[in-house]
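Written below as structure tokens is the structure these notes are about.
The values are calculated or read from the model by the stated rules, or taken from the named source; none is laboratory data. The model shown is predicted, which means the values in this text are computed figures rather than measured ones. For neighbour counting, all protein chains shown are included, and Cβ atoms are generated from backbone atoms with ideal geometry for every residue, glycine included.
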Amino acid sequence: MVTKSEIAHYSLGDLPVKALGESITQQIVNGKDLTLSLLTLKSGATVARHAHPNEQLTYIMQGTVAFRVGEALEHEFTVRAGEMLHIPANVPHSAHALEDTLDLDIFSPRRTDWMRPGGEDYFHNH
């Protein structure tokens, strides 16, 4: 049986907004085994090549993002509003916002790297 203390209710307006450079902001919610990240990217924003041990499911709520995926970033996907992209764990990828974008990312397991200093450096290195 679940107890009320195990359940969390969030309002997007109450989540802290973290600036990841001049053109990307992020709001995060962590569960026990997953992380939800809401990114707001201005047109032209770039997320540098990176990989992580987390499986990633990206849902583009608004806008368009060009993703490059693979060891040499050899696979390209243009993901538009209403579309999703699944990226397996440990697969290198990068992203470039083709227009102002609202991007909902879900990671499993949770993103513990973001809980330590420097864990989000790839947002700034492009």
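Some observations on this one:
- Residue selected from the range 27-62 under the condition hydrophobic (A, V, I, L, M, F, W, C) and in contact with a Gly (Cβ under 9 Å, 6 or more places away or on another chain), by the criterion nearest to residue 73 (Cα to Cα): 45
- For the range 90-106, filtering for residues that are at negative phi and out of contact with any Phe, Trp or Tyr (no Cβ under 9 Å at 6 or more places or on another chain) leaves 8.
- Of the strands (runs of 3 or more DSSP E) entirely within the range 1-56, those holding at least 3 residues that are under 25 Å from residue 100 (Cα atoms) and among the polar types (S, T, N, Q) occupy 24-30, 35-41.
- Take the conditions (1) surrounded by 12 or more Cβ atoms within 10 Å (Cβ to Cβ); (2) in contact (Cβ under 8 Å) with a residue 40 or more places away in the chain; (3) within 24 Å of residue 86 (Cβ to Cβ); residue 32 misses just one of them, which is (1).
- Pair list, Cβ under 7 Å, 6 or more apart: the range 104-126 residue surrounded by fewer than 17 Cβ atoms within 10 Å (Cβ to Cβ), other residue polar (S, T, N, Q) and at pLDDT 95 or above: 108/54; 109/54; 126/46
- Summed over the range 16-68, residues that are on the phi > 0 side of the Ramachandran plot and modelled with pLDDT under 95 total 1.
- The range 36-47: number of residues that are surrounded by 14 or more Cβ atoms within 10 Å (Cβ to Cβ) and small (Gly, Ala, Ser): 2
- Condition broken by residue 85, with the remaining ones in (1) in a strand (DSSP E or B); (2) surrounded by fewer than 18 Cβ atoms within 10 Å (Cβ to Cβ); (3) of a type outside the set (Ser, Thr, Tyr) satisfied: (2)
- Qualifying residues in the range 59-82 (those that are in a strand (DSSP E or B) and without any contact (Cβ under 8 Å) to a residue 24 or more places away in the chain) - the one surrounded by the fewest Cβ atoms within 10 Å (Cβ to Cβ): 76
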